[in-house]
Amino acid sequence: MDHQGTIIRPPNEAGSILLQVAVGCAHGACTFCGAYHGHPYRPKDAATVAADVDLAARRHQDRRRVFLCGGDALALPVARLLDVLALVRARLPWVTRVGAYASARSLGARDDAELRALRRAGLATVYMGLESGDDAVLARVRKGADSAFIVAQGRRARAAGLRLSVTVLLGLAGEAGAQAHARATGAALTALEPEHIGALTLVLVPGTPLFADAAAGRFVLPGPSAMLAELRTLLEHTSPPRGLFLADHASNHLPLRVRLPGGKAGALARIDAALAGRVPLRRQRGL
C-alpha cells in the first residue's frame, strides 16, 4: 500500500485495510497534537488510491473492514469520497464496514443530503475528536470549534445513519481546570449520544505548542491520581442512554471498558478502589 507521511487509525480499526485517501490533517492547529507535523494536508491522487484498492483486492480478502486514512478524510470533496466508496464496493465486495476520521468542521461543511449519500455509499462509522466540552479549553488548544458546534455536527452524523465514535482527552485542561473540563465533557458526551466513547490520557508530545507551554510552566499536566479523579468525574457526568465507554488505550493509567448505562456504577467503584490504592495502576505509554 502507498502509505505516505503518518498513518494513524483508531484502536478498533487494527484489523482493517488501511486505505490512505489524504495525507496530513486539514486543520493541523491543535496545540496538543504532533501527529502530522511536516505533512501538510493534501488529497491522494485517484490513481494511487485505485492502485491500493486493487492491491487490497489481491492480498486482503480476509479483511472485512476498510479505514480511510487521513487526519480528516471527510474534508475531501463529497464527490471524491463517493468515488472512493464506489471503488471499495466494486472491488472489495466482501468488505462490510468503512470508517474514517471526521472533524466537526468537515461534517458541518456537508449538508444532510450529502451525509446520507455517504452513508448509502458505504461509509458506516465516523471518528470525531471532541477532546473537551469546556469551550475555554477548546479555545486554548485551538480546536477550531466550540462544544455546541461539535455536538450539533455529531448529532447530524448520527441522524444521517452514521455510527459515531468520539474521543476525549483527560488532562487537557491541566491541573487547575480538570474538574470543570470533566463535567463539561460529560455533559457534551451525554448530548452527543455516541455509540462509542474513547477517553484517552494526554501525553505531551515534543515539538507541540502544549509541550512548550509545559516546559515553560504555563501548563501543568495532572499526575496519575488527578487523572483518575478527572476520569471519575467525566464518567459520572456522562449519561447517554446507551453506548460503550472505553478508557483502555495505552495512555490510560486504569483500563476500563464500560457498557452504558448498566456498567457505570461498577466502573465508578473500580476507579474509587484505584484512588484508594486497592487497584494497581499500569505504566502509561505514549499516544
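Structure above, values below:
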quantity: Options Gly28, Gly38: the member that is part of a loop (DSSP other than H, G, I, E, B), in contact with a Pro (Cβ under 8 Å, 6 or more places away or on another chain), on the phi > 0 side of the Ramachandran plot and not hydroxyl-bearing (Ser, Thr, Tyr); calculated: Gly28
quantity: Check on Leu118, within 21 Å of Ile197 (Cα to Cα) and either among the aromatic types (Phe, Trp, Tyr) or part of a helix (DSSP H, G or I) (or both); calculated: no
quantity: Set Leu200, Leu170: member being closer than 17 Å to Cys30 by Cα, of a type outside the set (Lys, Arg) and touching an Asp or Glu at 6+ places or on another chain (Cβ under 8 Å); calculated: Leu170
quantity: Where a residue in the stretch 26-37 is farther than 22 Å from Ala215 by Cβ and in contact (Cβ under 8 Å) with a residue 40 or more places away in the chain and its partner, wherever it lies, is part of a loop (DSSP other than H, G, I, E, B) and of a type in the set (Ser, Thr, Tyr), with Cβ under 8 Å and at least six apart; calculated: Ala26/Tyr41; Ala26/Ser103; His27/Ser103
quantity: Of all residues making up the stretch 168-187, the number that are touching a Leu at 6+ places or on another chain (Cβ under 6 Å) and closer than 20 Å to Phe149 by Cβ; calculated: 5
quantity: Single residue of Gln4, Gln61 found to be without any contact (Cβ under 8 Å) to a residue 40 or more places away in the chain and outside any strand (DSSP E or B); calculated: Gln61
quantity: Selection within the stretch 5-52 - out of contact with any Lys or Arg (no Cβ under 7 Å at 6 or more places or on another chain) and of a type in the set (D, E, K, R); calculated: Arg9, Arg42, Lys44, Asp45, Asp52
quantity: In the stretch 68-91, the residues that are in a loop (DSSP other than H, G, I, E, B) and in contact with a strand residue (DSSP E or B) (Cβ under 7 Å, 6 or more places away or on another chain); calculated: Gly70, Gly71, Asp72, Leu76
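Just so you know, all these numbers are worked out from the coordinates, no wet-lab data involved. Every value quoted in this text rests on a predicted model; they were computed, and no experiment measured them. Glycine also receives a Cβ, built like all others from the backbone with ideal geometry; neighbour counts cover every protein chain displayed.
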